[in-house]
Amino acid sequence: MSEQLQAVAHYTADIATVWDLLNPQAATVEQRRDTFDKLAAAYVDDPDPVYQHMGRTMQSFAPGLFAGGDDPELPQDNLDLERVFRLPKSHERRIHGHAHAGVRIVQQGPSLMLVLDAHARHPEPFSVEQLGPFAHATLPRAQLQSEQRRRIMRLARSTKRRPALLASLESRYLKRTPVS
């Protein structure tokens with residue numbers, strides 16, 4: 001039993017080292033990312049399977065951990081990111097009376113997040129002068145494509161509408177494909 005506790009104590013010290021690398025006040029993002037990557041590579045090469053698993057997990061999380069840079073306005077970790085998204089989700093749930101906010105925030109997020117979060121940044125009502133520049137705003141291309149894919153997938157789930165969808169997709173494909 002004492003051998004297991006010693007092993008856990010040893011792993012705990014290494015986990016504390018990794019945790020310290022996630023603290024934005026410890027060093028710059030580049031320094032923390034470099035140390036994190038070196039430590040993950042060392043753990044993957046370690047003969048101990050626990051360290052190998054830790055290293056693989058660290059490598060899988062690495063791309064998103066330091067994505068915000070040193071900008072204090074951006075979320076620093078996943079928990080901060082969840083806190084950012086919690087407000088609009090709870091607002092969306094209260095509007096519709098549902099327990100789940102659904103996929104709307106994911107698919108319409110680039111434009112919807114600004115609207116759902118507007119009350120937090122701008123407590124008083126917007127004036128016409130403030131909203132005027134946005135009168136002819138268009139949705140981001142990625143959002144339009146996401147909504148188009150969603151429409152197609154909803155049709156594809158329906159057994160009654162699927163044959164018509166397949167026929168329309170095939171005709172669109174044939175129109176775009178040059179005949180040789």
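What follows is calculated from the coordinates using simple rules that are stated; it is not laboratory data. Fair warning: this is a prediction, and the values are worked out from it, not measured in the lab. FYI the Cβ positions are ideal-geometry reconstructions off the backbone, even for glycines, and counts take in every protein chain you see.
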Pop out the ³J(HN,Hα) list for segment 130-136 in order, Karplus 6.51 cos²θ - 1.76 cosθ + 1.60 with θ = phi - 60°, rounded to Hz; leave Gly and Pro as x. 6, 8, x, x, 9, 4, 10
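Arranged by the count of other C-beta atoms within 10 angstrom, fewest first, what order do 165, 131, 114 take?
On the way: 165 17, 131 9, 114 12.
Listing 165, 131, 114 from fewest to most nearby Cβ atoms yields 131, 114, 165.
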With a point put 7 Å past each Cα toward its Cβ, work out how far residue 26 is from residue 13 in nm, to one decimal. 1.6
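Let's test the formula: R0 of 22 Å, r as the Cβ-Cβ distance of residue 173 and residue 151. What FRET efficiency results, to the nearest 0.05? List each step's numbers first, then the result.
Values: r = 17 Å, r/R0 = 0.78.
Efficiency at R0 = 22 Å is approximately 0.80.
Could you work out how much longer the chain between residue 122 and residue 74 gets when fully extended? Use 0.36 nm per residue separation minus the Cα distance between them, nm to one decimal.
Values: separation 48, 0.36 × 48 = 17.28 nm, distance 1.86 nm.
Separation in residues times 0.36 nm, less the Cα-Cα distance, equals 15.4 nm.
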Report the label-to-label distance for residue 35 and residue 57 in nanometres (one decimal), using points 7 Å from each Cα along the Cα→Cβ vector. 2.0
Take the alpha carbon gyration tensor of segment 7-65, find the square roots of its eigenvalues, order them as a ≥ b ≥ c, and report rounded if a/c is under 1.5; if not, report prolate when a/b exceeds b/c, else oblate. oblate
